[in-house]
Every structure is written in structure tokens, then in C-alpha cells.
Amino acid sequence: MKTAISIPDEIFEKAERTAKKLGVSRSELYVKAIRDFIEHHRSENLTEKLNEIYSNDESVSELDPHLMRLQTLSLKRDEW
């Protein structure tokens, strides 16, 4: 899909230099940048959701407190 976007001149120039340095087209560079951005934010959302699920705050956590205690007790004690 073709699209037109507006970006600051400084960002455009840096993108041009980066694309040339990497030996990729401007389009390839932008696609990779957007893909990485989307993946980063998807990962953030996943982390936030997992933090909610496994929260120690029982009002936020979706795990049964008894089950969470049993799971914690089942973990092997390792030195870090």
C-alpha cells in the first residue's frame, strides 16, 4: 500500500542516511521501524497484562490467592 506521511526534515535525513548505511530502501526501513514499534508496544501490553494477572495485590490479580501460594511454594529455591 502506498501512503503519504509528514515527518520532520531532521528525521527524514537521518532515515535516509540509515537506509543507505544498511543498504535498504526507504520503504524497507520504514516498514521495519513500524513493525519494531508495533512489536514493542504489543510486548509492553503483554507485560502489563501478566503483571496484572500475577500481581501480589489480590484486588488486581486474576489468580486465586490459594493457588498462587501453592505455586510459590512449589518453586525450587535457587541462589542468584
For this session: Check off (1) surrounded by 10 or more Cβ atoms within 10 Å (Cβ to Cβ); (2) within 25 Å of the chain's Cα centre (by Cα); (3) in a helix (DSSP H, G or I) for I11 and give me the number that stays unchecked.
Result: (1)
Exercise. Considering region 16-39 alone, what residues qualify as being outside any helix (DSSP H, G or I) and within 16 Å of M1 (Cα to Cα)?
Worked result: S25
Seminar exercise, completed: Note on region 55-77: residues assigned to a loop (DSSP other than H, G, I, E, B) and modelled with pLDDT of 70 or more are D64, L75, K76, R77
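The values are calculated or read from the model by the stated rules, or taken from the named source; none is laboratory data. Note that this is a predicted model, so its numbers are computed, not measured. Virtual Cβ from ideal backbone geometry, glycine too; neighbours counted across all protein chains shown.
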